[in-house]
1. For Glu205, are the conditions met, namely being buried (at least 19 other Cβ atoms within 10 Å of the Cβ) and part of a helix (DSSP H, G or I)?
2. Quick one: which of Leu117, Leu162, Leu191 is among the hydrophobic types (A, V, I, L, M, F, W, C) and more than 29 Å from Leu47 (Cα to Cα)?
3. List every residue pair whose Cβ atoms sit under 7 Å apart, with the two residues 6 or more apart in sequence or on different chains, where the first one lies in region 1-17 and is of a type outside the set (A, V, I, L, M) and the second, anywhere, is outside any helix (DSSP H, G or I) and at pLDDT 80 or above.
4. Kindly provide the set of residues from region 113-149 that are small (Gly, Ala, Ser) and over 20 Å from Ala207 (Cβ atoms), ordered by number.
5. Being of a type outside the set (S, T, N, Q), in contact (Cβ under 8 Å) with a residue 60 or more places away in the chain and open to solvent by 10 Å² or more (accessible area, probe 1.4 Å): is that true of Ala217 here?
6. Considering only region 162-190, state which residues are within 25 Å of Cys115 (Cβ to Cβ), crowded, with 21+ Cβ neighbours inside 10 Å and either without any contact (Cβ under 8 Å) to a residue 12 or more places away in the chain or aliphatic (A, V, I, L, M) (or both).
7. Select from region 42-67 the residues that are under 22 Å from Val96 (Cβ atoms) and loosely packed, with under 15 Cβ neighbours inside 10 Å and list them in ascending order.
8. Which is at pLDDT below 95 and assigned to a helix (DSSP H, G or I), of Asp261, Asp270?
Amino acid sequence: MMLVPHLINFCRSLTDRFRALFTLRNLGGHEAIDCISKCFDDPSALLKHELAYCLGQMQDEYAIPALVRVLKDKTQEPMVRHEAGEALGAIGSSEVLDVLREYAKDPQTEVAETCQLAVQRIEWLKEQSSQESESLSTNPYKSVDPAPPSTVQDTWMLKNTLLDESCPLFERYRAMFSLRNEGDEKSVLALAEGLKCSSALFRHEIAYVLGQIQHEAAIPQLIENLEDLKENPMVRHECAEALGSIAKDQCLTALEKYSKDQEMVVKKVDDCLSLPLIEQKKYCSLELLTSGNPTANGKLYFISGELCCRT
């Protein structure tokens, strides 16, 4: 597979390696998974985070052993272990329930919360999905999410659940994805308030869905969290990605300001993903690098001359 040297070569730019990664994800199959899995010893936490994300979105049980190894490896960065746990939940196999329950007690809060959510997602798939499927809103982004949308449709009730920190995290995530699926300004503003909640994992996921929606009403709060140097780096990185997806002039201004940030996962988002997209999105008409039918609703990255869609 010609893409293998592009992804595994530490000397190539991250932009080239991301391009290879998203292409491998779209190609799928065991060879692609093997290639992606070889790169978890890379020094870039940002790349490893995306490796795990892509393996989860592929939903191939062949990737489970590699993801379990990453989850168990406490030398990996928390954002990488978190993404491995989330990917196992996305694949949805009952065979990983025991390991997820074990790491649901991990001392790293983001990892523990992720594994708790993954357990609940798999249990929901087993026990409730067939009963609720007809009452759930449609996900226009085609992503595999860490929780299903809520059966509730009322925006005010969803907002209350989203922001109520006494509610189970799984139910708050369900409210989040229902608001994401609605995607109007009222829902976006409700989601943006979630960037002030106490859980870093929750704030990170809020930023992710705001990047999917690409609504400019979310820009002020995303910038506020990006500018907060005390914010969890995982959250700041996701805010930068979201601003790159929204791609308005004020997003470019904020991203340029932090393009030399001391946190590598923030700096590299700006260098490799967000800034090039904004600059090219204004002036170029480009094809999406996807297999099947491309969607304009995913998270878009301009990487090495082509648009990639992270759905």
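The values are calculated or read from the model by the stated rules, or taken from the named source; none is laboratory data. Remember, it's a predicted structure, so these values are computed and weren't measured experimentally. Using ideal geometry, Cβ is built from the backbone for each residue, glycine included, and neighbour counts are taken over all protein chains shown. For accessibility, only protein heavy atoms count, side chains too; no ligands or nucleic acids. Shrake-Rupley method; radii C 1.70, N 1.55, O 1.52, S 1.80 Å.
1. Against the criterion (buried (at least 19 other Cβ atoms within 10 Å of the Cβ) and part of a helix (DSSP H, G or I)), Glu205 qualifies.
2. Unique residue meeting the criteria: Leu162.
3. His6/Arg12; Phe10/Asp42
4. If the condition is that a residue be small (Gly, Ala, Ser) and over 20 Å from Ala207 (Cβ atoms), then Ser129, Ser130, Ser133, Ser135, Ser137 are the ones that fit.
5. no
6. Leu162, Ala175, Met176, Leu179
7. Gln59, Glu61, Pro65
8. Unique residue meeting the criteria: Asp270.
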